[in-house]
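The values are calculated or read from the model by the stated rules, or taken from the named source; none is laboratory data. Keep in mind it's a predicted model, so treat the numbers as computed, not measured. Virtual Cβ from ideal backbone geometry, glycine too; neighbours counted across all protein chains shown.
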Amino acid sequence: MKCSICGEEAVVEVRYEGKAYCEKHFIERFKRRVRKTIAKTKMVKPGETIAIALSGGKDSTTALYVLKPILEKWKSKFFAITIDQGIHGYGDKLIRFSKKLTNELGVEHHIYSMKNEIGITIDDVANLKRPRAVCSYCGAFRRWILNKKARELGADKIVIGHNLDDEAQTALMNFMRGELSRTARMGPEIGVIKDDLFVPRVKPLREIPEREVKLFAYLKGLSPGDEECPYIGEAFRKEIRKELNELESKFPGTKFSIVRSNDKLASILKGYYKDIGKPNRCRICGELTAGEICQKCKFLDELSKLKS
């Protein structure tokens, strides 16, 4: 297989384009596509302070690596935030890799422990007989900590490493669960509301398939390995990912079509949910919530009852 641009040996075939690329032209194309996504959506702008959510996995490390020269060119302030979820072995490896990468790149790095911030680790959660998957608790806890810490550090935006596969999977999950309010929050910039307590999250990798992010991370030494979170087997997302990959294999471009359709739907729904009402402050922690108590505090209360 030869590169469609230069004729050299290709490292990847991109079936939805009908092309193949060598290492040099794949890397150039990858960076160009990220820049194009940022430019067309204006998700990140010069002068903004940017927090980059760095888990240590391939997506977040790639986002940091590709955005760093862009933000430096703009003379923008930026830093990385890592949440130590308390997952023995797997999480420890990601924390070490995050420290190593930020040190090599010379990026300011803040690490916060889930145990210190909310009083529980994900390993603790996994050991309880709970009514829902570990991922549900982990997602709520991470979002709460990340938003709070990014705000305290003065961030205007939070960059997260969601790729095309993540976006397509989430779109289908929301549709299958009938959660249109979640669909409304999707798009290049997450959220519907504008509030001083909320730091908008943006996704510069959202138009790049996971397979290509994985290859870029491998070629650039940005991946700590192929290990998956030990708790992913419980997630509904895993089943959706399997089905989507099969569809993509048979019908290249399926994931792009799902995300584009979902973006059109989200743009309509944003107007509807924007007018429903302003968010409340959680009566326990004071952070934003749609009801009286935020999801993080609801889950902590639920888990405390299981332990008693």
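Overview of values
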| quantity | calculated |
| --- | --- |
| Considering residues of the stretch 229-249 that are closer than 18 Å to ARG130 by Cβ, assigned to a helix (DSSP H, G or I) and touching a helix residue (DSSP H, G or I) at 6+ places or on another chain (Cβ under 8 Å) only, the residue modelled with the lowest pLDDT | GLU234 |
| The stretch 165-198, residues that are of a type in the set (A, V, I, L, M, F, W, C) and closer than 26 Å to SER249 by Cβ | ALA168, ALA171, LEU172, MET173, PHE175, MET176, MET186 |
| Residue satisfying condition, being of a type in the set (A, V, I, L, M) and within 14 Å of the chain's Cα centre (by Cα), within set ILE240, ILE232, ILE158 | ILE158 |
| Yes/no for GLU246 being on the phi < 0 side of the Ramachandran plot and buried (at least 17 other Cβ atoms within 10 Å of the Cβ) | no |
| Subset tally (residues that are within 22 Å of TRP144 (Cβ to Cβ) and modelled with pLDDT of 90 or more) for the stretch 261-287 | 7 |
| Criterion (touching a Cys at 6+ places or on another chain (Cβ under 6 Å) and either part of a loop (DSSP other than H, G, I, E, B) or without any contact (Cβ under 8 Å) to a residue 60 or more places away in the chain (or both)) met by exactly one of ILE284, ILE208, ILE268 | ILE284 |
| Pick from the stretch 65-106, criterion under 23 Å from ARG211 (Cα atoms), in contact with a Phe, Trp or Tyr (Cβ under 9 Å, 6 or more places away or on another chain) and not hydroxyl-bearing (Ser, Thr, Tyr), ranking: surrounded by the fewest Cβ atoms within 10 Å (Cβ to Cβ) | LYS68 |
| Scope the stretch 1-53; condition aromatic (Phe, Trp, Tyr) and either at pLDDT below 95 or farther than 30 Å from GLY106 by Cβ (or both); matching residues | TYR16 |
| GLU167 vs. criteria part of a helix (DSSP H, G or I), of a type in the set (Asp, Glu) and under 18 Å from the mean Cα position of the chain (by Cα) | yes |
| Qualifying residue in the stretch 219-231 (condition: aromatic (Phe, Trp, Tyr), closer than 28 Å to LEU101 by Cα and in contact (Cβ under 8 Å) with a residue 60 or more places away in the chain) | yes |
| Number of the condition not met by ILE258 [criteria: (1) at pLDDT 95 or above; (2) within 30 Å of LYS115 (Cα to Cα)] | (2) |
| Members of the stretch 99-138 found to be among the charged types (D, E, K, R) and touching a helix residue (DSSP H, G or I) at 6+ places or on another chain (Cβ under 7 Å), listed by number | GLU117, LYS129, ARG130 |
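Here is a yes/no grid of residues against (1) more than 20 Å from LYS31 (Cα to Cα); (2) under 17 Å from the mean Cα position of the chain (by Cα):
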| residue | (1), (2) |
| --- | --- |
| PRO69 | no, no |
| ASP92 | yes, no |
| SER98 | yes, yes |
| ASN103 | yes, no |
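Yes/no matrix, rows are residues, columns are (1) more than 30 Å from VAL134 (Cβ to Cβ); (2) touching a residue at least 60 places away in the same chain (Cβ under 8 Å); (3) out of contact with any Gly (no Cβ under 7 Å at 6 or more places or on another chain); (4) of a type in the set (Phe, Trp, Tyr):
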{"site": "GLY57", "(1), (2), (3), (4)": "no, yes, yes, no"}
{"site": "PRO69", "(1), (2), (3), (4)": "yes, no, yes, no"}
{"site": "LYS73", "(1), (2), (3), (4)": "yes, no, yes, no"}
{"site": "ILE87", "(1), (2), (3), (4)": "no, yes, yes, no"}
{"site": "ILE95", "(1), (2), (3), (4)": "no, no, no, no"}
{"site": "GLU108", "(1), (2), (3), (4)": "yes, no, yes, no"}
